[in-house]
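Here it is, the structure in full.
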Amino acid sequence: MTPARHQKRVFSGIQPSGNLTLGNYLGALTRFVDMQNAGIETIYCLVDLHAITVWQDPKELRAATREAAAAFLAAGICPEKSILFNQSQVAAHAELAWIFNCVTRMGWLSRMTQFKDKAGKNRENASVGLFAYPALMAADILVYHATHVPVGDDQKQHLELTRDVAIKFNHDFEVDFFPVIEPVIEGTATRVMSLRDGTKKMSKSDPSDMSRINLTDSADVIQKKLRRARTDSEPIAGCMKDLEYRPEARNLINIFAALSAQDPDSVAQTYEGRQFADFKSDLVDLAVTKLQPISQEMNRLTQDPSEIDRILGHGAEQAAAIAEPILRRTYEIIGLIRSRKGPSRIGG
Ligand code: TYM
């Protein structure tokens, strides 16, 4: 349980490494907006330091960071209600991450499935940053004493590690300082699957662009991808349980349900006995209606990069003002001397 003395505060992040996908949108962004609009204190971050744990072209990273910021804004994140910034502008993340590198155990990190997947067979050649990635993620969250973290299903293990880091730190230093966070993994779209293979997660790093819908895709491209999405030859069953062994069918129904804010079973019931061709044409209409305004707004916003940079800079100042006292106190707890104010920190 989160200690009562920590006020409810939401933190979450998205890597600005390439196009954001429908998975990021349904699994994360729409829920970020809901939490913001529920009046909870919300802090959202473009985790550019996480992105560089694998090679990024500098020019593309800059463009992808601005584009991801535009996606947040277009999806409904409002800088007056939420703090929105990119991670590298608030030095406290990297500072606390170092401390957490000294709390986190090698064994914990070795068990991370995302590291195993991303490093692949050639582990010796993976960056140290990729291995230590979850410690930085714990720092992102705990440097704000955030209590709730909305994510998709694939981040569950990382959030368990964040809890372990907080518990070990509190135990080792005999304090009750860092909150033991609550992962928030809810809704019908916690795991949107690839359009080409219903057993694989939809991902921005999948080599096939046909496997995903990008938030920047035009109506024509969305139509092409959904029409070619893999299905089976059976008609649609009337409830999700009967689709248990039909991963592609389940995925398309789940996407429909998430986009139309319905229960997947009621979508299945509506299309019971019908062929996928009919269903797909309704899904195309729904997806285009929902996603086109977002891609158009992203397009408009990215025309003015200096305005995006201004919003991120302002967010970074607000974020640093929350993080600095927490970081200072962490240094004191550990026994590190900090006798002067930090070097010209934003808001510090
Ligand atoms: P990232 O950038 O891979 O994904 C961002 C968010 O989108 C969710 N997501 C999905 N949800 C449903 N279906 C999918 N196919 C899908 N693909 C992605 C992810 O679960 C995530 O919520 N390590 C994180 C970024 C991070 C972070 C943090 C998150 C860094 N620090 C602190 C929360 C708190 C990541 O790589 O997410």
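Each reported figure results from applying straightforward, stated rules to the coordinates on display, with no laboratory input. Here the structure is a predicted model, which means the values were calculated and not measured. So basically every Cβ, Gly included, is an ideal-geometry build from the backbone, and we count neighbours across all protein chains shown.
Where a Cα-Cα gap under 18 Å defines reach, which aspartates and glutamates qualify for Lys204, not counting those fewer than 8 residues away within the same chain?
Here the aspartates and glutamates satisfying the reach criterion relative to Lys204 are Asp48, Asp57, Glu60, Glu67, Asp117, Asp153, Asp154, Asp217.
May I ask you to derive the relative contact order of the chain, considering only C-alpha pairs under 8 Å and at least 6 residues apart, and to give it as an integer percent?
22 percent.
Okay, moving on. Suppose the chain between Glu182 and Asp309 were pulled fully straight at 0.36 nm per residue; how much longer would it get relative to their current alpha carbon spacing?
Length difference between fully extended and current span is 42.6 nm.
Going through the cross-link list Lys59/Lys116; Lys81/Lys200; Lys156/Lys241, which pairs have a Cα-Cα distance over 31 Å in this structure?
From Lys59/Lys116; Lys81/Lys200; Lys156/Lys241, over 31 Å: Lys81/Lys200.
Between Glu297 and Ala261, what is 0.36 nm times their sequence separation minus the Cα-Cα distance? Round to one decimal in nm.
The Glu297-Ala261 span can extend by a further 10.8 nm.
Sketch the reach of a paramagnetic label on Asp57 as a point 7 Å from Cα along Cα-to-Cβ, and name the residues of region 9-25 whose backbone nitrogen lies under 15 Å away.
17-19
Whose amide H sits under 5 Å from the amide H of Met202, counting only residues 5 or more places off or on another chain, with H placed in the peptide plane?
Here Val192, Met193, Ser194 satisfy the definition.
Order of 65-77, 180-192, 231-243 by packing, highest average Cβ count within 10 Å first?
65-77, 180-192, 231-243
I would also like to ask the following. Which of Ser88, Ser306 has the fewest other C-beta atoms within 10 Å, and how do the rest follow up to the most?
So the ranking, lowest neighbour count to highest, is Ser306, Ser88.
Further question: Determine one quarter of the surface area of the Cα convex hull of region 209-301, which equals its mean projected area, and express it in nm² to one decimal.
Averaged projected area of region 209-301's Cα convex hull equals 5.8 nm².
Next question. Hey, what number do you get for the chain at 222 nm if only DSSP H runs of n ≥ 4 count, each worth -39500 (n - 2.57), divided across all residues, to the nearest 500?
Result for the chain: -15500 deg cm²/dmol, rounded to the nearest 500.
Still on this model: Run through all the Cα pairs of the chain and give the fraction in each 20 Å bin from 0, expressed as whole percent.
The distribution over the chain is 29, 56, 14, 1, given as percents.
Additional query: Over region 220-348, what is the mean sequence separation of C-alpha contacts under 8 Å (at least six apart), divided by residue count, expressed as relative contact order in percent?
With pairs under 8 Å counted, the relative contact order is 22 percent.
What dipole magnitude, in Debye to the nearest 20, does region 130-172 give about its Cα centre under +1 on Lys/Arg Cβ and -1 on Asp/Glu Cβ?
With only Lys, Arg, Asp and Glu charged at Cβ, the dipole is about 80 debye.
Right, another one. Rounded to the nearest 5, what % of the DSSP beta bridges within the chain are antiparallel ones?
Of all bridge pairs located within the chain, approximately 10 percent are antiparallel.
Let me ask another. Taking the Cβ-Cβ separation of His6 and Val221 as r and a Förster radius of 41 Å, what is the calculated FRET efficiency to the nearest 0.05?
With R0 = 41 Å, the Cβ-Cβ based efficiency is 0.40.
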